[in-house]
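Take this structure, written in C-alpha cells, and hold onto it; I'll ask about it next.
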Amino acid sequence: MGGYMLPQVIFPIHLVLGYVACLLCFVVYMLPWLKAMRRIEAQRVIATVHSFRFFGLVFILPGVVGPNLPASFAAFAAYGDFAAGLLAILVLLTARNRPLFWSFVVAFNLVGAADILLDYYHAIRIGLPAVAGQLGAAYWIPVLYVPMLMITHVLALYWLVRPQREAAFVLTGDAVES
C-alpha cells in the first residue's frame, strides 16, 4: 500500500506539530494580549479556556472513542480533565473573592498541568500512539487542544511564581487592586 504511514508515526507528528502551531499562535496573538491585561484578568482568560475541559469525559463515552482505547488511559484522562475543568470554573466564579480566587488559580493550574503530564506518561506506557485511531472523534483533543492547555498552564504558573509589578504594589499597600 503506497503512502501509508503507521499510527505510531503519525500521532507523534500530529502532537509535535500541534505544539508548534499552538505555540506560534499563542506567542503572536494571545501572549501580547494577555500581557497587556492585569494579572487577574489574564488568569481569568486562561481559566475560561480551561473551563471547557469537562469535555474530556468524552474519552469514556462509547461511540465517540473506539472500544479498544485502553481503559486505564481513558478513565484517567477523562476524570483528570473533568477535575481541572471544574477547578477552572471555580476560578471564574470566585473572581470577587481574591484569596479564594488565587487559591483556585493555583489549584486548577497544578491539577491541570499534572493531569496533562500524567496523561502523557500513561499514553507512552500503554503505547497509545499505536492505537491512536481508537481516540475516534476525540483525536483532536490531544493534538490540538492539549497543546494550548499546556502552554497556558506554563504561562499561568510562571506568572504565579513571578508575578508582575502590580501584584507587588498590592502586597506592599502602595496600590489598591480593583
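Return a yes/no flag: does the range 52-60 have any residue that is within 15 Å of Met148 (Cα to Cα), over 18 Å from the mean Cα position of the chain (by Cα), open to solvent by 60 Å² or more (accessible area, probe 1.4 Å) and modelled with pLDDT of 95 or more.
no
Looking at the range 68-77, is at least one residue open to solvent by less than 10 Å² (accessible area, probe 1.4 Å), touching a strand residue (DSSP E or B) at 6+ places or on another chain (Cβ under 7 Å), more than 22 Å from Leu17 (Cα to Cα) and not acidic (Asp, Glu)?
yes
All but one of (1) assigned to a helix (DSSP H, G or I); (2) over 30 Å from Arg162 (Cβ atoms) hold for Leu69; which doesn't?
All conditions are met except number (1).
Suppose we keep only residues that are closer than 25 Å to Arg98 by Cβ and part of a loop (DSSP other than H, G, I, E, B) within the range 116-167. Which one would you say is least open to solvent (accessible area, probe 1.4 Å)?
Of the range 116-167, the ones closer than 25 Å to Arg98 by Cβ are 149, 152-167.
Now drop any that are not part of a loop (DSSP other than H, G, I, E, B), which leaves 162-164.
Working: Arg162: 150, Pro163: 70, Gln164: 48 Å².
Looking at the filtered set, the residue picked out is Gln164.
Also, quick follow-up: What are the residue pairs meeting all of these: first residue in the range 107-135, first residue of a type in the set (Lys, Arg), second residue assigned to a helix (DSSP H, G or I) and buried (at least 17 other Cβ atoms within 10 Å of the Cβ), Cβ atoms under 9 Å, and 6 or more apart or on different chains?
Arg125/Phe73
Between a first residue in the range 18-30 that is in contact (Cβ under 8 Å) with a residue 24 or more places away in the chain and a second residue that is open to solvent by 80 Å² or more (accessible area, probe 1.4 Å), which pairs have beta carbons less than 7 Å apart while being 6 or more apart in sequence or on different chains?
Gly18/Leu144
Quick grid of which residues meet (1) modelled with pLDDT under 95; (2) more than 16 Å from Ile116 (Cα to Cα); (3) buried (at least 17 other Cβ atoms within 10 Å of the Cβ); (4) not aromatic (Phe, Trp, Tyr):
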| site | (1), (2), (3), (4) |
| --- | --- |
| Trp33 | no, yes, no, no |
| Glu41 | no, yes, no, yes |
| Ala47 | no, no, yes, yes |
| Tyr79 | no, no, no, no |
| Ala84 | no, no, yes, yes |
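Is it the case that the range 102-113 has a residue that's over 21 Å from Leu31 (Cβ atoms) and touching an Asp or Glu at 6+ places or on another chain (Cβ under 8 Å)?
No: zero hits.
Shifting gears a bit: Does Val131 qualify as being farther than 20 Å from Ile40 by Cβ and more than 14 Å from the chain's Cα centre (by Cα)?
Values: farther than 20 Å from Ile40 by Cβ: yes; more than 14 Å from the chain's Cα centre (by Cα): yes.
Here the answer is yes, as Val131 does meet what is asked.
Moving on to the next point. Looking only at the range 93-106, which residues are open to solvent by less than 50 Å² (accessible area, probe 1.4 Å), of a type in the set (A, V, I, L, M, F, W, C) and free of Cβ contacts under 8 Å to residues at least 60 places away in the same chain?
Taking the range 93-106 and keeping what is open to solvent by less than 50 Å² (accessible area, probe 1.4 Å), we get 94-95, 101, 104-105.
Among the residues that remain, those that are also of a type in the set (A, V, I, L, M, F, W, C) are: 95, 101, 104-105.
Listed by number, the residues that qualify are Ala95, Phe104.
If you don't mind, there's one more thing I want to ask. Just one of Ala95, Ala88, Ala113, Ala107 is under 20 Å from Pro163 (Cβ atoms), touching a helix residue (DSSP H, G or I) at 6+ places or on another chain (Cβ under 6 Å) and not in a helix (DSSP H, G or I); which is it? Write out each step before concluding.
On the way: Ala88 fails: not in a helix (DSSP H, G or I); Ala113 fails: not in a helix (DSSP H, G or I); Ala107 fails: not in a helix (DSSP H, G or I).
Matching residue, one of Ala95, Ala88, Ala113, Ala107: Ala95.
The values are calculated or read from the model by the stated rules, or taken from the named source; none is laboratory data. Since we're looking at a predicted model, the values are computed, not measured. Cβ coordinates were reconstructed from backbone atoms using ideal geometry, including for glycine residues, and neighbour counts include every protein chain displayed. Note: areas computed on protein heavy atoms with side chains; ligands, DNA, RNA excluded. Shrake-Rupley method; radii C 1.70, N 1.55, O 1.52, S 1.80 Å.
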